[in-house]
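Since the structure comes first, as structure tokens, the remarks are kept for the end.
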Ligand SMILES: NC(=O)c1ccc[n+]([C@@H]2O[C@H](COP(=O)([O-])OP(=O)(O)OC[C@H]3O[C@@H](n4cnc5c(N)ncnc54)[C@H](O)[C@@H]3O)[C@@H](O)[C@H]2O)c1
């Protein structure tokens with residue numbers, strides 16, 4: 001029987017030993033964008049004794065100051081990322097802005113000498129992603145994209161199964177999913193307007209599903225993409241009973257699908273929805289010549305698995321199904337692990353998790369879906385040597 005003092009996974013124990021005081025030089029951190037996800041970044045930094053948040057910036061009048069006050073930060077506040085970067089010498093910058101300014105803020109921060117952890121999706125277009133990776137290379141600064149599910153044991157286990165070779169040759173992968181009601185407008189319209197978001201479900205949650213499978217496969221290069229996008233729910237005023245005017249503002253996709261040819265003779269079948277008349281658009285499947293692996297439909301963003309993984313093998317006597325248990329509720333505080341791992345990489349000069357170079361392939365697929373959907377035909381993906 002569980003004790004009433006049991007500490008749930010991921011929660012901090014009351015009896016945890018106090019951190020030793022840090023005597024070295026603290027890393028100076030700046031946060032660009034003081035909205036929803038910035039609260040997760042600051043929560044993490046405030047738990048670390050070897051960093052100090054010295055500056056925060058937001059374009060909206062008073063927002064950075066409110067953020068600093070809310071977290072009792074003894075830091076400088078700025079009205080834009082350019083003003084902050086011109087006045088500060090930062091070791092680490094968290095880019096927590098809406099998608100449209102991920103690239104410019106990351107590039108400017110690296111040029112100003114900071115290492116950057118940029119929120120997902122990497123950016124909006126492939127060209128922006130290429131420029132981000134090029135800047136990281138030219139400046140020698142680290143660039144990581146904020147994919148916290150990477151920190152979960154479930155993601156690591158799926159990769160381990162795929163990479164172990166027990167599935168044989170993996171030739172077809174299906175991924176995606178999404179939600180029946182989940183167009184994100186809890187704090188306004190920055191996720192749904194063209195000017196701020198640039199891309200909808202395909203970037204917001206599609207990037208997680210793509211990362212789940214591409215990470216497991218070892219990030220093979222995308223070669224061609226045939227894409228489709230729609231906005232039937234986003235454009236319908238009935239979707240927002242309290243804010244029917246949001247329908248007019250909706251300028252991105254609420255559903256996207258793609259058929260992607262990957263290097264190594266693998267085809268990837270992908271679909272993602274912020275809203276649909278289905279509870280989910282399906283499980284993730286790796287089809288292999290020896291076995292197939294089924295990953296139950298998951299929200300993906302926190303690495304949780306609601307049901308066990310299943311391996312399927314056809315034999316002469318029938319279909320053998322083996323269950324492989326995952327963690328229903330993810331594995332600990334993946335958000336903290338994401339930021340900690342980045343800070344450690346900067347401190348120790350080691351490779352970052354979810355590097356810009358790797359996530360460029362994820363962005364190339366998203367960009368391919370957008371281009372192909374507009375053109376109404378398959379497009380080639382061209383990623384230059386950087
Ligand atoms: N990793 C996750 O689980 C997770 C969760 C939520 C959001 N996100 C991502 O984080 C990003 C931000 O989401 P959000 O919900 O915090 O958005 P938000 O709209 O609440 O906040 C973004 C803020 O950035 C500010 N901003 C934009 N450009 C700026 C600039 N050049 N200089 C200074 N400030 C600038 C805006 O004024 C705004 O206040 C999105 O790209 C989203 O996909 C990730």
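Where a number appears in this text, it was derived from the coordinates with a stated rule and is not lab data. The shown structure was predicted, so the numbers you read here are calculated from the model rather than taken from an experiment. Methodologically, a virtual Cβ is constructed for each residue, glycine included, from the backbone with ideal geometry; neighbour enumeration extends over all protein chains shown.
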**OP:** Sort out for me the Cα centre separation of segment 341-361 from segment 213-251, rounded to whole Å.
**Re:** 28
Subject >> Cα-projected label distance for residue 315 with residue 111, points at 7 Å along beta-carbon direction, nm >> reply: 6.2
Subject >> Anisotropy class of segment 83-241 from Cα gyration tensor, a/c 1.5 cut >> reply: oblate
**OP:** Evaluate 2.2 N^0.38 Å with N set to the residue count of the chain, then give the Cα radius of gyration divided by it.
**Re:** 1.01
Subject >> Cα gyration tensor, segment 27-146 - rounded (a/c under 1.5), prolate or oblate >> reply: prolate
Original post:
Once you put a point 7 Å from the Cα of residue 348 and another 7 Å from the Cα of residue 153, both along the Cβ direction, what distance in nm separates them?
Top reply: 2.1
**OP:** Taking the chain as the reference, fit the longest principal axis to its C-alpha atoms, fit the long axis of helix 206-217 to the helix C-alpha atoms, and give the angle between the two in degrees, 0 to 90, nearest 10.
**Re:** 70
**OP:** Can you tell me the 0 to 90 degree angle between the C-alpha axis of helix 36-45 and the longest principal axis of the chain, rounded to 10?
**Re:** 70
Subject >> Principal-axis tilt of helix 356-375 within the chain, Cα atoms, nearest 10 degrees >> reply: 60
**OP:** Calculate, for residue 89 and residue 290, the FRET efficiency according to 1/(1 + (r/R0)^6) with r their C-beta to C-beta distance and R0 56 Å; round to the nearest 0.05.
**Re:** 0.55
**OP:** Subtract the Cα-Cα distance of residue 47 and residue 194 from 0.36 nm times their separation in residues, and report this length gain in nm to one decimal.
**Re:** 49.4 nm
Original post:
Can you give me the Cα centroid spacing of segment 20-38 and segment 106-122 in angstrom?
Top reply: 14
**OP:** Let me have the relative contact order for segment 236-345, percent, based on Cα pairs under 8 Å that are six or more residues apart.
**Re:** 13
**OP:** Using a Förster distance of 41 angstrom, determine the FRET efficiency expected from the C-beta separation of residue 323 and residue 243, and round it to 0.05.
**Re:** 0.40
Original post:
With each run of n ≥ 4 DSSP H residues scored as -39500 (n - 2.57), what mean residue ellipticity at 222 nm is computed for the chain after dividing by its residue count and rounding to the nearest 500 deg cm²/dmol?
Top reply: -9000 deg cm²/dmol
**OP:** Could you work out the relative contact order of the chain, using alpha carbon pairs under 8 angstrom and six or more residues apart, expressed as a whole percent?
**Re:** 19
Original post:
Is segment 304-386 best put as rounded, prolate or oblate by its Cα gyration tensor, with a ≥ b ≥ c the root eigenvalues, rounded for a/c under 1.5, and otherwise prolate when a/b is larger than b/c, oblate when not?
Top reply: oblate
Original post:
Relative to the present Cα-Cα distance, how much length would full extension add between residue 160 and residue 39 at 0.36 nm per residue of separation?
Top reply: 40.3 nm
Subject >> Among 204, 253, 43: highest mean-square fluctuation, GNM of the chain, C-alpha pairs under 10 Å >> reply: 43
**OP:** Mind giving me the nanometre distance, one decimal, between the label points for residue 377 and residue 80, set 7 Å out from Cα along Cα→Cβ?
**Re:** 4.2
